[in-house]
Structure formats: structure tokens, C-alpha cells
Amino acid sequence: MSESPAQAPDITDDAILDGRLRLLQPRRGHRFGHDAVLLAAAVPAQPGERIAEFGAGVGAAGLALASRVPDIDLILYEIDPRLCALAEENIVRNNFAGRAHATAQDVASLPPTRDVNHVLMNPPFNSARLQPSPDPDRRSAHQANPGLLAEWTRAARNVLRDGGTLTLIWRAEGLAEVTAALSDGFGAITLLPVYPAPRRLANRVIVNAHKGAVSPLRILPPLLLNGSDLRPTPEAESILRQGSALIVAQA
């Protein structure tokens, strides 16, 4: 009898959202963290809508969204078959079977369906100027290939309904790459800078955009994850532990 993924020595069983989700993930390589929960919190999904996550990994962001918004139709796209299998296992063990499924597919090859209400994604975003990780799984999850963001954004445009939203999280210093990628087919762009602590530079930006919109870009007041005492702020606690929503999208 083959062992279950939860029994494999290179797989860990970890809690997210204060234990409301338990997710299997590889012991080495890319592991989910705050970015996945912040991304999920910023998606303006409503019950009954169709949601696609690009580069879903083991499903942390998509399943965090499913735990907040009931009755969504969620598809997790992940190119790595092993991670995709773990995502499918995580769907079942967290009682989302029938509401979500995972598929091992390169999102750049998706056909133009135009039947999705919201796309969320946390693409690999480390600059090629940075020292890559020696771990191949972690490197592939974090190191962006040139043109990847534009490919994923184009794929999102092809699957989204008119007026549908794309929500992504990216490194703050790479914001110009995001706005350039969104310039073809997206508008009503909203930026939320994320700061790790006071008097620190922003290290992430959460971006929401509407397909086919023409409203101008706006920048929201920042999200501060930790106070001057390096303890989580009440807003960060509400999002990261309680699963509260972040209002990012323009109405």
C-alpha cells in the first residue's frame, strides 16, 4: 500500500488562517506564507462566481479565498504535477471537493474562455539581478523568467469576462513591470503598498485591475504588517489570522 502524501517524510502538514485550513506542502522549496493570505484577502469575489488561481502551488491562496467566500467555483492552475497533486489533496482534506479542483497546466497555454469572474496570482517575481536560490524548486517558484508576468497577464485577460478582475501580489520595486503588463486590456488599477514595519520600505504591492475598464489608477493608504514594537498590527492580525477581506478593487 502506497503512503498518503501526509505520511511522506518530505511533506509537512501546516496550518494557515489560525488553523482553519491545514495544508500539505513540500518540506523544501517554496512554502506558502503571508503573501498567499494577503492575495486571497484582496480578491473581490462573491458567492457563485468562477475564480481561477494561476501558479497555485499547493492551493494556499485559492483555498484561503474559498474559506472566506462560500460557494465559489474555484480552479487552481499549477504547472508542477507534484504540487498540483498536493493542491488536490488539500482541496479534499479541507472539505472543498465539489467547489474547487486543481489542474496541472501552464497558464500561458490556456484558451480564451472569457468565463471567469476573477483571477488571482502570485507569480515568481525575483529579479534576475538577485542571487537565485540553490534549491531548484524554490528557484522555479521565486525566479521570474523574462516576460512571464506579461504572459500570465495576457492569459488572465483571455479567460476573464469583460469587467472581471485580476488581483496579484508583486515585489514593490518591480511595480513598473506590473503597470506595463496591465497596460494592454486592463484599467481601474488599484495599488496597495504593503510595509513590513514603520520606517521600512514597502516590500510588496497588491494590485487589482478590471478587464476593459478605463478609470485612472489610484493608490490606497498602505497596509502596515507590524508596528514599531514589531508585533502584528490589528489590521494584519484580522487579515492573516481571521481571514478578513482587504478592500482593494475599485467599485
**Study point:** Subset tally (residues that are surrounded by 13 or more Cβ atoms within 10 Å (Cβ to Cβ) and on the phi < 0 side of the Ramachandran plot) for the stretch 198-214
**Key:** 11
Check your understanding: Quick one: would you say Val214 is in a loop (DSSP other than H, G, I, E, B), at pLDDT below 95 and touching a Leu at 6+ places or on another chain (Cβ under 7 Å)?
Key -> no
Practice item. Scan the stretch 122-131 for residues that are at pLDDT below 95, part of a loop (DSSP other than H, G, I, E, B) and polar (S, T, N, Q) and report the count. Key: 2
Point to revise | Count of residues meeting criterion [of a type outside the set (Lys, Arg) and under 16 Å from Ile51 (Cα atoms)] in the stretch 89-103 | key: 8
Practice item. Tell me which residues, restricted to the stretch 203-251, are touching a residue at least 60 places away in the same chain (Cβ under 8 Å), over 24 Å from Phe125 (Cβ atoms) and of a type in the set (S, T, N, Q). Key: Gln242, Ser244
Point to revise | Selected residue [at pLDDT 95 or above and in contact with a Lys or Arg (Cβ under 8 Å, 6 or more places away or on another chain)] from Ala236, Ala172 | key: Ala172
Review point. Going by the conditions given, is Arg161 of a type in the set (Lys, Arg) and assigned to a loop (DSSP other than H, G, I, E, B)?
Key: no
Review point. Out of (1) touching a Leu at 6+ places or on another chain (Cβ under 9 Å); (2) modelled with pLDDT of 95 or more, what's the single condition that is false for Ala8?
Key: (2)
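Could you run through the stretch 179-211 and say how many residues are hydrophobic (A, V, I, L, M, F, W, C), part of a strand (DSSP E or B) and under 17 Å from Glu151 (Cα atoms)?
So the answer is 3.
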Exercise for review: Filter the strands (runs of 3 or more DSSP E) completely within the stretch 31-121 down to those with at least 1 residues that are of a type in the set (Gly, Ala, Ser) and surrounded by 24 or more Cβ atoms within 10 Å (Cβ to Cβ).
Suggested key: 50-54, 100-103
Practice item. Considering only the stretch 234-251, state which residues are of a type outside the set (A, V, I, L, M) and crowded, with 17+ Cβ neighbours inside 10 Å. Key: Gly243, Gln250
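Hey, can you tell me all the residues within the stretch 36-69 that are among the hydrophobic types (A, V, I, L, M, F, W, C) and free of Cβ contacts under 8 Å to residues at least 60 places away in the same chain?
Ala56, Val58, Ala60, Leu63, Leu65, Ala66, Val69
The values are calculated or read from the model by the stated rules, or taken from the named source; none is laboratory data. Being a predicted model, the structure only gives us computed values, none of them experimental. FYI the Cβ positions are ideal-geometry reconstructions off the backbone, even for glycines, and counts take in every protein chain you see.
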